[in-house]
Amino acid sequence: MKHNIKIVVNGDEYSLAVDPWRTLNEALREDLNLTGTKLGCGTGDCGACTVIVDGRAVSSCLTLAVSVDGKSVTTVEGLAPSGDELHPIQEAFIKTGAIQCGFCTSGMEIAALHLLSNNPSPTELEIRKGLSGHLCRCTGYNQIVEAISVAGEKMKKCCHEEERS
Amino acid sequence: MRLPRFEYYAPETLEAALSLLEDRGEGAFVMAGGTDMMVKMSHGRLKPKTIISLKSIPGMDMISFDPANGMMIGATTRLADILTDLRIETHYPALIQAVQTMANVEVRNMATLAGNICNAAPSADSAPPLMVMNAEVSLASVRGERRLPLSDFFRGPGLTLMQAGEIMTSIHLPAPQVGRGASYMRISARCGVDIAAVGVGVEVRVQSGVFSEARIVLGAVAPVPLRASGSEASLIGKPLNDETLELVSDMAAHESKPISDVRASADYRKRMVAVLTRRAITQAYERSTARHS
Ligand SMILES: Cc1cc2nc3c(=O)[nH]c(=O)nc-3n(C[C@H](O)[C@H](O)[C@H](O)COP(=O)(O)OP(=O)(O)OC[C@H]3O[C@@H](n4cnc5c(N)ncnc54)[C@H](O)[C@@H]3O)c2cc1C
Ligand code: FES
Ligand code: FES
């Protein structure tokens, strides 16, 4: 029996009829065509499928779509909703060379968003711990760590300016 | 990765969850964070007919503490919320040591302590510290409730004293006591991302400079988290020094019954039991004296 669920993804509300055995990853990629979120291992080990559900970074491959009924989801597509202006995290990833093949990138950026929302000035160790569930086969991680610290600085500045204006 | 087919319920009361579980019988499983179940299902090792999620039951994710009665952690409390609870950090640091090494940020945002216990993996990181601290678990069924010491709970890999139709509702830790201290140490190939190759939990009571009580539980070196009762006994009446540590840690290695697998050889595991036991006793001792002041 399909379940009717309502989810808000990147600010847009969707009504979906899903089988109970459908994962959030399948629902996002196949039903909503939001293919920015990747599927790597499917077992919680690689981080490629990371999305934010009600403020928490989770693995969409280990989450049932029915279980997010009524919840709010942020995927990498939500970082730059207009598609014109990039999010400071995306900008920093590009500038520091933190992207090669790009397969891990959406998960890394969502993890970075979760980390920086809870801890605006993480130390290098805190960044590495925050990414411990994420594998990257290309970059060697150093550029990713740097990108997140650069993005953190930038995000603090823009928030600061918003407060002043 | 396609999951097997099952029906899914997310009842909003414990009573409704219990009667569903009773009604559906064999093939019905409760799900908390799902981090063990989803992996088993995608590997084809678990084919539930019915999944009953506990996450819509209000209040089941509560943590409460009072200095006289101790700590109560609800069955759907996420590991991430345990890590940020200052009361747990202050009074039960050994539990924090276990939880912070478990998995990764994303998994800790989903997984629960009760799920870790009910899953009953011999390597479950939370089991040794909870057992040495004399944790108890509350179980409910349509027939009523009962409370068991965690030390009796594990029966084998994936096997527990929990009966069909029972749901774990909460985990309890006794009130912190002056003169006691606990520690958990673990080792694995790739820090938290991989499960423990060896884990050691220790709680001691120190009176007049000697150990007067001790509990030592070894993880991942037997079919269940293992009480090292010989090692515990050999610690009693002794002060903390190299001689004591050597005696007790060798004994713990001797008491462990590890197997060789992809994570480590049996021989390496035995040696690591000795190393971690030594470190955990030392830290538990330091924590017990810190509580004096
Ligand atoms: C990438 C990854 C890394 C991991 N690393 C570690 C690690 O380092 N250390 C470690 O110990 N574990 C680790 N795990 C295993 C897992 O995350 C933990 O065991 C977790 O605590 C399970 O909790 P859960 O809520 O997700 O359980 P679930 O998957 O929801 O349930 C597990 C089992 O317990 C039963 N159950 C759950 N709640 C209840 C209840 N209230 N009453 C009765 N039965 C119940 C379920 O029916 C099921 O059989 C890891 C898992 C992944 C995917
Ligand atoms: S695809 Fe989900 S963690 Fe790898
Ligand atoms: S950029 Fe290729 S996996 Fe990270």
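The values are calculated or read from the model by the stated rules, or taken from the named source; none is laboratory data. Everything quoted here is computed from the prediction, not taken from an experiment. Here the Cβ is made from the backbone with ideal geometry for all residues, glycine too, and neighbour counts use every protein chain on show. Accessible surface is based on the protein model in full, side chains and every heavy atom, while ligands, DNA and RNA are left aside. Shrake-Rupley method; radii C 1.70, N 1.55, O 1.52, S 1.80 Å.
What is the dipole size for segment A:88-164, taken about its Cα centre, with +1 at each Lys and Arg Cβ and -1 at each Asp and Glu Cβ, in debye to the nearest 20?
Details: 8 positive and 9 negative charges, 36 e Å.
Using Cβ point charges on Lys, Arg, Asp and Glu, segment A:88-164 gives about 180 debye.
Calculate one ³J(HN,Hα) per residue across segment B:123-136 by plugging θ = phi - 60° into the Karplus curve 6.51 cos²θ - 1.76 cosθ + 1.60, and present them in order as whole Hz with x for glycine and proline.
8, 3, 5, 7, 5, x, x, 5, 5, 5, 8, 6, 5, 10
If you roll a 1.4 angstrom probe over the protein chains with everything in place, what fraction of the accessible area of segment B:180-290 belongs to carbon and sulfur, to the nearest %?
Carbon with sulfur: 55 percent of the solvent-accessible area.
What is the sum of charges, Lys and Arg at +1 and Asp and Glu at -1, for the other residues whose Cβ falls under 10 Å from the Cβ of B:V221?
+2
With solvent modelled as a 1.4 Å probe, how much accessible area in total do chains B and A shield from it at their shared surface, in Å² to the nearest 100?
On the way: alone 13560 and 8970 Å², together 20200 Å².
Rounded to the nearest hundred, the buried surface is 2300 Å².
Carbon and sulfur together cover what percent of the accessible area of segment A:3-78 at a 1.4 Å probe radius? Working shown, then result.
Working: 1070 of 2620 Å².
Carbon and sulfur together cover 41 percent of it.
Give the percent of DSSP beta bridges with both residues in the protein assembly as shown that are antiparallel, rounded to the nearest 5.
Close to 85 percent.
Defining a contact as two alpha carbons under 8 Å apart and six or more residues distant in sequence, what relative contact order in percent does segment A:6-165 show? Don't jump to the answer; show the numbers that get you there.
Details: 260 pairs, mean separation 38.6, N = 160.
Computed over segment A:6-165, the figure is 24 percent.
On a 21 Å Cα-Cα criterion, which of the cross-link pairs A:K2/A:K71; B:K47/B:K257; A:K38/B:K55 come out too long?
Where the Cα-Cα span goes over 21 Å, the pairs concerned are B:K47/B:K257; A:K38/B:K55.
Pairs of alpha-carbon atoms within less than 8 angstrom and 6+ residues apart define the contacts here; what relative contact order does segment B:168-279 have, in percent?
Normalised by residue count, the contact order of segment B:168-279 is 22 percent.
Please report the relative contact order for segment B:181-243, taking Cα pairs under 8 Å with a sequence separation of at least 6, and give it as a percent rounded to a whole number. If you can, show how the numbers build up before the last one.
Numbers: 111 pairs, mean separation 16.1, N = 63.
About 25 percent, as a whole number.
Can you give the FRET efficiency to the nearest 0.05 for A:Y14 and B:R5, using r as the Cβ-Cβ distance and R₀ = 41 Å?
Numbers: r = 23 Å, r/R0 = 0.57.
Efficiency, rounded to the nearest 0.05: 0.95.
Based on the Cβ-Cβ distance of B:R271 and A:N4, what FRET efficiency does E = 1/(1 + (r/R0)^6) give at R0 = 51 Å, to the nearest 0.05? Don't jump to the answer; show the numbers that get you there.
Values: r = 56 Å, r/R0 = 1.11.
With a Förster radius of 51 Å, E is 0.35.
Given labels modelled 7 Å from the Cα in the Cβ direction, how far is it in nm from A:N142 to B:V262?
Inter-label distance under the simple model: 3.0 nm.
Using just the helices of chain A, give the 222 nm mean residue ellipticity in deg cm²/dmol: DSSP H runs with n ≥ 4 each add -39,500 (n - 2.57), and the total is spread over all residues, rounded to 500.
-10000 deg cm²/dmol
Hey, in the GNM for chain B with a 10 angstrom Cα cutoff, which one of B:L46, B:L173, B:L218 fluctuates hardest?
Sorting by GNM fluctuation, first place goes to B:L46.
Taking a probe of 1.4 Å, how large is the accessible area per residue of the protein assembly as shown, in Å²?
The answer is 44 Å² per residue.
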